[in-house]
Amino acid sequence: MAHASVSPLDNGQVTGGNELPASIPTPPPPNMGPSPPGLEKENIELFGFRMGQTVNSGFLLLSIAMGRETGLFDALANFTEPKTSKEIAEATGLKERYIREWLGAMVTGQIVESNETSTRFLLPPHRAAFLRTGGFGEEMTLLAAALPMQCSVFDKVLNCFKEDGPRGVPYKHYCGFQKFMNACSSAWWNRHLISDFIPSMPEVQEMLEKGIDVLDLGCGSGGASILLAERFPKSTFIAIDISDDAINTAKSTVTEKKLTNVTFLKMDALEMPEEKWQGKFGYVLAWDSIHDMAQPEVVLNLLHKCLSNNGRMTVMEVNAHSEIAQNVNMPFASTFYTNSLMHCMTVSLAFEDGQGFGNMYGRQKLMALLQLTGFNDIQTSVPNMSFNCHFLCSK
Ligand SMILES: C[S@@+](CC[C@H](N)C(=O)[O-])C[C@H]1O[C@@H](n2cnc3c(N)ncnc32)[C@H](O)[C@@H]1O
C-alpha cells in the first residue's frame, strides 16, 4: 500500500508544548573499563591499537554467541571445579574438538580461566552469573546472538548501498528475527512489565484492572500482551503484527495458556480498520515498533483515531538523541546504529515508500511526530534498566 510521503522531521526540531526535558536520564553505563588513553590526541598508532581491540572483541562476540546457543555457558556455570574439554563434551553431548577451539577464544578473551597446561577450564562464578541463561547479562548475550543473524544478510545490505541496488531487505530474509526479538524483549518484560512498568502509570493500571480494550501494535510474538492478559483478566487485548511467523508463535502460546482475552491478528498497521476501531482502545502499546513501520506518521494518525478520548498510549523507542553527534557517549550507540543498518532501517525501506526511520531516529523526532499527529500531554521517562525511552501520551 503506497502513501504520500510526509516526513517534516528532517532536523528533528520540537515545536510547541510538550517539550522534552533538557536531559532525559540515561541508564548508567555498564562497566566498560577505562576509555582508550589520549583519544583527544589520537595518532595512527593509537587508532590502530583501538581498531585492534575492536576487531578482537568483534570476533570474540561470535564465540560468545556460540557459547549461548550451544548451552556451553550454562554447562560451565554448573561446574564448581575446573573440567577438561573431554568432561565438558561428555556433559553437553557436544564434540570435544569444537569445544576445545571455542575454549581457546574464551580463555584468551579472559572469560574462561584455564590451568597452565590448558587442560582444565573454569568459568568463574561472577562471570557464570552474568552469562548463563536468565543471568544478569541476559540482554547483552542476546545482543551478541543477533550478530550471526545479521551477518546472514550482509551481502544483501551491501547491495542496498549501491545507487542501482534494491531499496531494502524484506523481513523474509531475516531467519530467526522474531525468535531473537521475542527472547530480547521477554528478558526485560518478564522482569519489569508487571512488577514496575505498569505500576509506573497508576491511571493505566487502574483502567486495566477495571477492564478496557488494549491494542498492541507490532506485537512480535506477543510476550507483552500475554503477560498483560494474564495479569488483567477483565481487559481485552488485540495484538497485531505483519509477521506470520510472530503471530503463529503468539497464537500457539495463547492456546497453550488457554487465554481467552487476547486475540492475535496478522495485519499490516496501515490496514487497521479505522472505522471499526475508532475510539475503541483505552490503552495502546507500540513497543519498539513505530520505527520499523514503513509509514510511521500514517500509523500514528491511525492510532490517534483508535485511542479512546481518555485513553493513554505508550510508545517505546531507543533512548537516543536525533543527532548522531549527541550519541557519541550513549552506551551501545554503535550497536544500535549497526542493528538499524542491518535490520530496522533496511526492512522499512524494503516497503514501497518505506521511510526507513531506523531505530536511532531519536527522542526529538519522535516528540515532533507525536505532536504533529495530535497527541497531547506527552511525558517521557526511562524505564528501569532499559535502553528505551517511554513516551506516554493522551489524545
Ligand atoms: C522490533 S520488532 C518489536 C516487536 C515487539 N513489539 C517487541 O518489542 O519485541 C517490530 C515489530 O513490528 C512489526 N511490524 C513492522 N511493520 C509492521 C506493520 N506495517 N504492521 C504491523 N507490524 C509491523 C514487525 O514484524 C516486528 O514484529
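What follows draws every value from the coordinates through simple rules; no lab data is involved. As the structure is a prediction and not an experimental result, all values here were calculated from the model. Cβ sites come from the backbone with ideal geometry, for glycine too, and all protein chains shown count toward neighbours.
Some values worked out for this structure:
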{"read-out": "Beta bridges by DSSP in the stretch 149-394, antiparallel share as percent, to the nearest 5", "value": "35"}
{"read-out": "Dipole magnitude (debye, nearest 20) for the stretch 124-179, charges at Cβ of Lys, Arg, Asp, Glu", "value": "160"}
{"read-out": "Relative contact order of the stretch 44-136, defined on C-alpha pairs under 8 angstrom at six or more residues apart (%)", "value": "32"}
{"read-out": "Ordering of 360-367, 104-111, 52-59, 335-342 by burial proxy (mean other Cβ atoms within 10 Å per residue, highest first)", "value": "360-367, 335-342, 104-111, 52-59"}
{"read-out": "In Hz, Karplus ³J(HN,Hα) per residue of the stretch 376-392 (6.51, -1.76, 1.60; θ = phi - 60°; x = Gly, Pro)", "value": "10, 6, 7, 10, 10, 7, 10, x, 3, 6, 10, 7, 9, 10, 9, 9, 9"}
{"read-out": "Of the DSSP H helices in the chain, those whose Cα atoms cover at least 30 Å axially and whose Kyte score averages 0.0 or more", "value": "44-70"}
{"read-out": "Under 20 Å from the Cα of residue 172 - lysines, other chains or at least 8 residues apart", "value": "156, 251, 266"}
{"read-out": "Residues with amide H under 5 Å from that of residue 136, placed H, sequence gap 5 or more", "value": "130"}
{"read-out": "Calculated on alpha-carbon atoms, Rg and Dmax of the chain in Å", "value": "22.7, 72"}
{"read-out": "Structure-based [θ]222 nm, the chain - -39500 (n - 2.57) summed over DSSP H runs of at least 4, per residue, nearest 500", "value": "-13000 deg cm²/dmol"}
{"read-out": "Student exercise, the stretch 275-395 dipole from Lys, Arg, Asp, Glu Cβ charges, in Debye to nearest 20", "value": "380"}
{"read-out": "Peptide ranges 202-209, 64-71 listed from the most packed, as the mean C-beta count within 10 angstrom indicates", "value": "64-71, 202-209"}
{"read-out": "³J(HN,Hα) computed for each position of the stretch 123-133 - Karplus, 6.51 cos²θ - 1.76 cosθ + 1.60, integer Hz, glycine/proline x", "value": "9, x, x, 5, 6, 4, 5, 7, 8, 5, 4"}
{"read-out": "Electrostatic dipole magnitude of the chain [Cβ: Lys, Arg +1; Asp, Glu -1; Cα centre; debye, to 20]", "value": "680"}
{"read-out": "Qualifying lysines (Cα of each under 24 Å from Cα of residue 86; at least 8 residues distant if same chain)", "value": "95"}
